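Structure below; questions to follow.
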Amino acid sequence: FGGGFEDDGLDIEQIHLARWRVGLAAPPDFGPGWWQESLSGGNPVVQREDGAGVQRAFEEAVGRAGVAGPRASGHYESAQRGVLTGMAAVTIEPAALAVGALFHPIEMHEAQLWLDRKWRDDSAVMAALDVFGSQRFQRRLRSVGGYDLVGIGTRVT
């Protein structure tokens, strides 16, 4: 975020929701250091669509080496295809855990709710924040695994 909302007359408040690691998943029988070979271009890797944040992180980690491989349209599909085809896959940790894959992190991503402060007390906004802060919602995300929920619902700025 490079600013600009102030110029539009908006007074933005950022509310933290969750963090998760993005990186590579691999079949559970892959040996030690499997991710190094995958990032070096030595093996094909199931990748995400252009523009996906996790794909951008992967491309930055690979650098100019480039890596070939099929494309998947979602995190779960990518992790699952990787396990089924014996390839590493670009995905998020929760998806890797869901399919029983190994996981190697590349970077941390964060979700935030951005809203103009004038809407902070709106009933729909309050209801959404109540859901995010509820034990039921947090229990459900914890059961998936791979999500860092510390500070959920707290003000970032």
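The values are calculated or read from the model by the stated rules, or taken from the named source; none is laboratory data. Worth saying up front: this structure is predicted, and the values here are computed from it rather than measured. Don't worry about glycine lacking a Cβ; one is built from the backbone with ideal geometry, like all the others, and counts go over all protein chains shown. Note: areas computed on protein heavy atoms with side chains; ligands, DNA, RNA excluded. Shrake-Rupley method; radii C 1.70, N 1.55, O 1.52, S 1.80 Å.
Between Asp50 and Val125, how high is the FRET efficiency from 1/(1 + (r/R0)^6) when r is the Cβ-Cβ distance and R₀ = 41 Å? Nearest 0.05.
In this case the efficiency is close to 0.80.
Using a 1.4 angstrom probe on the protein heavy atoms only, line up Ser40, Ser78 by accessible area, largest first.
Sorted by accessible area, descending: Ser40, Ser78.
Scan (1) 10.0; (2) 10.8; (3) 13.2 for the value of mean projected area of the Cα convex hull in nm² calculated from this model and give just the label.
Identified label for the calculated read-out: (2).
Starting from the 7 Å offset along Cα-to-Cβ, what nm value, one decimal, do you get for the label separation of Arg71 and Thr154?
3.9 nm
Right, here's the next one. Under 5 Å between amide hydrogens, which residues at least 5 positions from Val45 or on another chain qualify, with H placed 1.01 Å from N in the peptide plane?
Here the answer is Ala68, Gly69, since their amide H atoms fall under 5 Å of that of Val45.
For the chain, with the dipole built from +1 on Lys and Arg beta-carbon atoms and -1 on Asp and Glu ones, taken about the Cα centre, which of Pro94, Gly53, Ala68 lies farthest toward the positive end?
Farthest towards the positive pole: Pro94.
Can you give me the solvent accessible area of Glu93 with a 1.4 Å probe, rounded to the nearest 10 Å²?
Approximately 30 Å² for this residue.
Have a look at Gly146, Gly51, Gly63 and tell me which one the Gaussian network model of the chain (Cα, springs below 10 Å) gives the largest fluctuation.
Per the Cα network of the chain with a 10 Å cutoff, Gly51 tops the list.
Relative contact order, percent, of the chain when contacts are C-alpha pairs under 8 Å separated by at least 6 residues?
38 percent
Quote the FRET efficiency, to the nearest 0.05, computed for Ser40 versus Ser134 with a Förster distance R0 of 35 Å and r equal to the Cβ-Cβ distance.
So the FRET efficiency works out to roughly 0.20.
If the only charges are +1 at each Lys and Arg Cβ and -1 at each Asp and Glu Cβ, what is the size of the charge dipole of the chain around the Cα centre, to the nearest 20 debye?
Rounded to the nearest 20 debye, it is 600 debye.
I've got another one for you. Please report, as a whole percent, how much of the solvent-accessible surface of the stretch 59-142 comes from carbon and sulfur atoms (probe radius 1.4 Å).
53 percent
Using a 1.4 angstrom probe on the protein heavy atoms only, could you order Trp114, Trp20 from most to least accessible area?
Solvent-accessible surface, decreasing: Trp114, Trp20.
So, in nm, how far is label Trp114 from label Asp29 when the simple model puts each one 7 Å beyond its Cα toward the Cβ?
4.6 nm
Moving on to the next point. Looking only at Arg19, Arg64, Arg56, which one moves most when the chain is put into a Gaussian network model with springs between Cα atoms under 10 Å?
Looking only at Arg19, Arg64, Arg56, the biggest GNM fluctuation is shown by Arg64.
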